[in-house]
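Engineer: Quick one: this structure, given as structure tokens, is what I'll be asking you about.
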Amino acid sequence: MTINEIVHKALMLGIGVPEKVKELVDELVEKGELSESQGAKIVKECSEKVSKSGDELSKTVSELTNKTLEKMNIPTADEVEKLQKKLTALSARVKKLEESAGA
């Protein structure tokens, strides 16, 4: 999925496409061109597709963000935490060595 596709999906979700579909379906039901059950089915299907698209968009953005951070060689939170633990352990060892050297 390209950046353009991602942006397009985000815009479509953001401008209220599901609401527009519901308005159109309501209008068709009022005119008698669709039954209420048909209209409800169409609105439900559209809502499910939009929800699925939103989930896919979120996943894609997350993947792209992770790939970008990986390319930038930025450490993850886990890596930073491991380094903090190592630093704490090394500081304790240095302190012990200093104390034994001074005694």
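Engineer: Using beta carbons and a limit of 9 Å, which pairs, at least six apart or on different chains, have the first residue in region 49-61 and modelled with pLDDT of 75 or more and the second one exposed (fewer than 13 other Cβ atoms within 10 Å of the Cβ) and not hydroxyl-bearing (S, T, Y)?
Structural biologist: T60/E5
Engineer: Test S100 against the stated conditions and say whether it is among the polar types (S, T, N, Q), part of a helix (DSSP H, G or I) and in contact (Cβ under 8 Å) with a residue 24 or more places away in the chain. Quick ask: steps written out before the conclusion?
Structural biologist: Working: among the polar types (S, T, N, Q): yes; part of a helix (DSSP H, G or I): yes; in contact (Cβ under 8 Å) with a residue 24 or more places away in the chain: no.
Answer is no for this residue.
Engineer: Name every residue in region 50-103 that is closer than 30 Å to P18 by Cα and either outside the structural domain of E19 (by TED's automatic domain parsing) or of a type in the set (D, E, K, R) (or both), in order of residue number.
Structural biologist: Answer for region 50-103, where residues must be closer than 30 Å to P18 by Cα and either outside the structural domain of E19 (by TED's automatic domain parsing) or of a type in the set (D, E, K, R) (or both): K52, D55, E56, K59, E63.
Engineer: Considering only residues that are surrounded by 15 or more Cβ atoms within 10 Å (Cβ to Cβ), of a type outside the set (V, I, T) and either modelled with pLDDT under 75 or not in a helix (DSSP H, G or I) (or both), which ones fall in region 13-45?
Structural biologist: Across region 13-45, the qualifying residues are L13, P18, L34.
The values are calculated or read from the model by the stated rules, or taken from the named source; none is laboratory data. Remember, predicted model here, so these are calculated numbers, not experimental data. All Cβ positions, glycine included, derive from the backbone under ideal geometry; neighbour counts span all protein chains shown.
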